[in-house]
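The values are calculated or read from the model by the stated rules, or taken from the named source; none is laboratory data. All of these numbers come straight from a predicted model, not from anything done at the bench. Glycine also receives a Cβ, built like all others from the backbone with ideal geometry; neighbour counts cover every protein chain displayed. With ligands, DNA and RNA removed, areas are computed over all heavy atoms of the protein, side chains included. Shrake-Rupley method; radii C 1.70, N 1.55, O 1.52, S 1.80 Å.
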Amino acid sequence: MLKRFLNYYKPVKKILIFDLVCALLVAVFDLFYPMITRNIINIYVPDRNFRLMITWLLILGVLYIIKVFLNYFITYYGHVMGVKMQAHMRKDMFEHLQDLPFVFFDENKTGTLTSRIINDLMEISELAHHGPEDLFISLIMLIGSFSLLSMINLPLALIVFAFVPLLLFIALKLRSRMEETFLKSREAIGEVNANLENSISGIRVSKAFTNRENEIEKFDRNNDFFQEARKKAYKVMAEFHTGTTFVTDILNIVVLTAGGIFFYNGWIDFGDFAAFILYIGNFLNPIRRLINFVEQFQAGQSGFKRFDEIMNEKVENDSLNAKDIEQINGHIKFDNVSFSYDESKNILKNISLEIKAGHTIAFVGPSGGGKTTLCHLIPRFYEVESGTITIDDIDIKDFTRRSLRQNIGIVQQEVFLFTGTIYENILVGKLDASNEEVIAAAKKANIHDHIMTLPDGYDTYIGERGAKLSGGQKQRISIARVFLKNPPILILDEATSALDNATELLIQNSLEELAKDRTTVVVAHRLSTIKAADEIIVITDQGIEERGDHHKLLAENGIYAKLYNSQFKV
């Protein structure tokens, strides 16, 4: 984990080096003041050497002017460095998420993932900036202060530094508790974000069913969980700060007491005593920095640990000998394919079937039989547990996933449209398509005429997830995407089951046009849409129960016939 974190410093190493150099100079400048004060009190004032005193004061003033620019660089460019690192991490995480399998997103909430990529990385950037800087400055100040204090009076310096182990003990003692509470706090933020994302996305459902109070209650539960997690984190922080502040306060008393005794007995003069008091300030500043660093480190570490968990998730990898598909006919074959989402239940077991190139095959049957799962196995959204799926007699594992999916078009019941314009959403099908190609695809999907009635035409903003469009309009845009993609294999997963009859008829015409000269796999709930399929396969939780064309299955008077007759009762 540490190695991965340090790698993010490589692109910003120049800024880091300049930042540390500036921090070093600031620390050195701060060490000048007590020594100059000591010399003024012990030498320049008693000797009435005002010229030398003024000279050193001017030097000190120049150093402080330089320090202004150094602090500006540290504050501004240091934070820029942290933001750049955060951006690189966010980019890496987003790219990694793009390559993760479907099963990962089945098991993780969108809001939680959003929290990891936004909130957690914000804390990491602060640690990335302040961490090295605080450690470096603290080290320089501690070593410098101890060296100069030892030069003034070694016994007194040793008394002061005897408190350092006590501070370290307190910090280390509370470190593990802080780590645990900060991690729980991060998880709580993720849950709140997940609940918010879910509630806001479903606001129309909530309003339709007047579930306002229930949604508020769910939010309150997560909000209370977050409050409790933060309260525990702040409790540990309070214990940490209280303990360390108490030790530093006692240290001030010890220095005044010991210094007073040493001065009273003549073991140090007044200038040395004054310098000693000033150097204690320089000594306490790095201690405070270290205290703040421990808190910041825990916040950043818990965030990076959650980032690291995502980055360690296994991505979808192609086999070593995988090749890009150049051109396929679309002959699909399932050979003894078995699959389950978990060990408790097999969804598919020893399924064997063949879909000839250019033919249309329809899957029907009760819910839970595995119809959609079969469709998801073709583009390798999930991996088969046993058996093989081939396209044109080549195992789909021998194709790269990217080229495999480029040759498959999918129209689903639940259409997802991206926030943006109609044009941008159709263009998803083929990002390098021309305007003419996009318009031609829209015409084939029977959506062009409607688009042209809109004030902004293809540049019409459709709202989040296409909220400003009807179900039929969204579906036709998704069909236009596939027309634009023009794949040899088409999967229609209950593409019209959520539409009214009039809209379904219009969409069905578009789908029939889309299916021409393609290998088409249809998952159908409304059996009127698949009567012309070359083969209909009835799938239940027992596997393939019946297969044949529409007329053959009706004649057999089995499961298909019962389903069909139940939908078309007179």
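Listed values, structure above:
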read-out	value
Which listed residue is in a helix (DSSP H, G or I), surrounded by 14 or more Cβ atoms within 10 Å (Cβ to Cβ) and without any contact (Cβ under 8 Å) to a residue 24 or more places away in the chain, from SER125, SER150	SER150
Any chance VAL62 is out of contact with any strand residue (DSSP E or B) (no Cβ under 7 Å at 6 or more places or on another chain), over 23 Å from ASN285 (Cα atoms) and of a type outside the set (Ser, Thr, Tyr)	no
All positions within segment 81-122 that are hydroxyl-bearing (Ser, Thr, Tyr) and surrounded by 18 or more Cβ atoms within 10 Å (Cβ to Cβ)	THR112, SER115
Residue, most open to solvent (accessible area, probe 1.4 Å), within segment 429-452, restricted to residues that are in a loop (DSSP other than H, G, I, E, B) and closer than 25 Å to LEU505 by Cα	ASN446
Qualifying residue in segment 56-69 (condition: in contact (Cβ under 8 Å) with a residue 60 or more places away in the chain, open to solvent by 20 Å² or more (accessible area, probe 1.4 Å) and in a helix (DSSP H, G or I))	no
Filter result (open to solvent by less than 60 Å² (accessible area, probe 1.4 Å), outside any loop (DSSP other than H, G, I, E, B) and over 21 Å from ASN407 (Cα atoms)) within segment 334-389	VAL337, SER338, PHE339, LEU348, ILE351, SER352, VAL364, SER386, GLY387
Filter pass, PHE270 being of a type outside the set (D, E, K, R), in contact with a helix residue (DSSP H, G or I) (Cβ under 8 Å, 6 or more places away or on another chain), surrounded by fewer than 17 Cβ atoms within 10 Å (Cβ to Cβ) and at pLDDT 75 or above	yes
